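Here's the structure we're looking at; comments come further down.
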Amino acid sequence: QVQLVESGGGLVQAGGSLRISCAASGSISGINSMGWHRQAPGKQRELVASVSSSGSVDYADFVKGRFAISRDNAKNTVVLQMVSLKPEDTAVYYCRWVGLTASYWGQGIQVTVSS
């Protein structure tokens, strides 16, 4: 089992910045990736960004140049720094941990960008 605790998020005006973090605990050894997905009302959950335990990073096209993901393997944390936020970035953001045989989701945190 892997437990994910998310923090950060909240309300920001368009053009502003936010930082969301996720800390993993439990059976987290081995090859894995951590990242963020988001789900807006009425839409499917989609990948935002992910980073593997070896440092390989993947971003969705709609956040390239605006969001940056980083990972601290020693602390088992992943951080998503978001800048130049747009109203369409409003969503519940979910942390995800993916191992070789299992994956886990966090509870999700709300990010709201006002116009």
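The values are calculated or read from the model by the stated rules, or taken from the named source; none is laboratory data. All of these numbers come straight from a predicted model, not from anything done at the bench. Using ideal geometry, Cβ is built from the backbone for each residue, glycine included, and neighbour counts are taken over all protein chains shown. Areas reflect the complete protein model, heavy atoms only, side chains present, ligands, DNA and RNA absent. Shrake-Rupley method; radii C 1.70, N 1.55, O 1.52, S 1.80 Å.
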Along the stretch 99-112, what does the Karplus equation 6.51 cos²θ - 1.76 cosθ + 1.60 (θ = phi - 60°) give for ³J(HN,Hα), rounded to whole Hz, x for Gly and Pro?
x, 5, 10, 7, 9, 9, 10, x, 6, x, 9, 7, 10, 10
Taking the alpha-carbon distance from Lys86 and a cut-off under 26 Å, which lysines remain once sequence neighbours fewer than 8 residues away in the same chain are dropped?
Lys43, Lys64
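Leaving out ligands and nucleic acids, note down the accessible area per residue over the chain with a 1.4 angstrom probe, in whole Å².
About 53 Å² of surface per residue is accessible.
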For the stretch 3-20 and the stretch 44-115, what is the separation of their Cα centres, given in Å?
11 Å
Which of the trypsin sites (Lys or Arg not before Pro) found in the stretch 23-101 are in a DSSP loop and have at most 12 neighbouring Cβ atoms, other than their own, within 10 Å?
Lys43, Lys64, Lys75
Could you please state how large a percent of the accessible area of the chain is carbon and sulfur, counting protein chains only and using a 1.4 Å probe?
49 percent
Cα-Cα pairs above 20 Å in the chain: how many percent?
35 percent
Go through the stretch 40-53 residue by residue and turn each phi into a ³J(HN,Hα) via Karplus (6.51, -1.76, 1.60, θ = phi - 60°); whole Hz please, and just put x for glycine and proline.
8, x, x, 10, 7, 5, 9, 5, 9, 6, 8, 9, 7, 5
Counting only residues 5 or more apart in sequence or on a different chain, those whose built amide H sits under 5 Å from that of Ser84 are none
